[in-house]
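I have placed the structure first, in the form of C-alpha cells, so that the comments after it can refer back to it.
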Amino acid sequence: MNITEPEDIIVNFLRANLSELTRLDEDGNTISNRQTLRTETFDGDNLETEFVMTNNTTCFKTVSVGGSELVPYKDYQIDINNKKVTFTNAPATGTDNIEVIYYSGNNWIYPDKPRDNIGKTTYPRIGIVTLTQPNPFKGIGDYDKRVNNTFQIDVLGHKDQFCQIDSENVPAERYVKYLARKVIDTIASTTINKHLEYKIENLNVLNNYPVPFEEDKNIFRQIIEINVLFRYVEA
C-alpha cells in the first residue's frame, strides 16, 4: 500500500536522510549499521508505471528518470512493504534510464511510540506519533486539502549503549541530544526538505527537551515537537 499518512511520510524522510550513528558492543567493537544503501536501475518503455526492488526496502531516498530527480508523492508513490514505486506517468523508453536509490535492512525509526523494553544494542531508536490532527479543511481547488498536524518525535538511548560521533565513543545521554539536534537540522535543511515540499508546508519546531532519566528502563529520552501543515491530495 502506498504511504499517505503524515507520520509515515516523515518517517520515510528521516530514514532516508538521517545518518545512523555507529554503535558499539560491550567490547567496544563496531556493530553493523541496520540499513544498507542500494541503487537499482530499470528500463523505461513508456508504458510500465510500477517497478519493484530486488531487496526489502526500509525507505526510498531518491527516484530519477533520465538523470532528473523526481518529486515524491507527486511524480511517484512509495510502497515500502511491497518494495515498489509507482510513477504518475510512465517513464520514457530507455536503457537504465530509471534510477532508484533506497535503503534495505532493518528499521530504527518508526511511526509509533518507540519501544523501550528491547536490548541495548538496538538503540538508538526513534519514534514518531501524532499529537493533534484537526479535521481537514479545503485548500486551493476541490481536491486539495490541508491539515494542521503536531507530531512528537522521541529519541531514545540505553545508558549502557555507546555510539561513535566524530570517532569519539559517547554515552547515550550525549548521543541522544546529538541525534535530536540532527533530526531538527535534517527537517530544517532547505536542500533535503525539497523531498517533503509537495506534502508539507510551514514546518515549525515547537520544542526540544530532555525527559528525566528513566531508571527502571535505563533509558535516556529527548522529545521534539513539530507542527506542519500537511497536504492531502484526493484522487
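The values are calculated or read from the model by the stated rules, or taken from the named source; none is laboratory data. Computed from a predicted model, the values in this text were never measured in an experiment. Don't worry about glycine lacking a Cβ; one is built from the backbone with ideal geometry, like all the others, and counts go over all protein chains shown.
Summary of computed values
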{"quantity": "Residue match in region 164-175 (condition: among the hydroxyl-bearing types (Ser, Thr, Tyr) and crowded, with 18+ Cβ neighbours inside 10 Å)", "calculated": "yes"}
{"quantity": "Entirely in region 12-63, the strands (runs of 3 or more DSSP E) that have 1 or more residues that are under 30 Å from residue 92 (Cα atoms)", "calculated": "35-44, 50-52"}
{"quantity": "From 71, 65, residue being at pLDDT 95 or above, among the β-branched types (Val, Ile, Thr) and closer than 23 Å to residue 198 by Cα", "calculated": "65"}
{"quantity": "Residues (closer than 23 Å to residue 156 by Cβ, in a loop (DSSP other than H, G, I, E, B) and in contact (Cβ under 8 Å) with a residue 24 or more places away in the chain) located in region 190-220", "calculated": "217, 218"}
{"quantity": "Candidates 73, 102, 110, filtered to the one that is on the phi > 0 side of the Ramachandran plot and of a type in the set (Phe, Trp, Tyr)", "calculated": "73"}
{"quantity": "Candidate set from region 103-132 (those that are in a strand (DSSP E or B) and free of Cβ contacts under 8 Å to residues at least 60 places away in the same chain); member that is farthest from the chain's Cα centre (by Cα)", "calculated": "132"}
{"quantity": "Positions within region 67-117 being of a type in the set (Ser, Thr, Tyr), surrounded by fewer than 19 Cβ atoms within 10 Å (Cβ to Cβ) and under 23 Å from residue 151 (Cβ atoms), in sequence order", "calculated": "110"}
{"quantity": "Qualifying residue in region 175-183 (condition: farther than 12 Å from residue 209 by Cα, in contact (Cβ under 8 Å) with a residue 12 or more places away in the chain and in contact with an Asp or Glu (Cβ under 7 Å, 6 or more places away or on another chain))", "calculated": "no"}
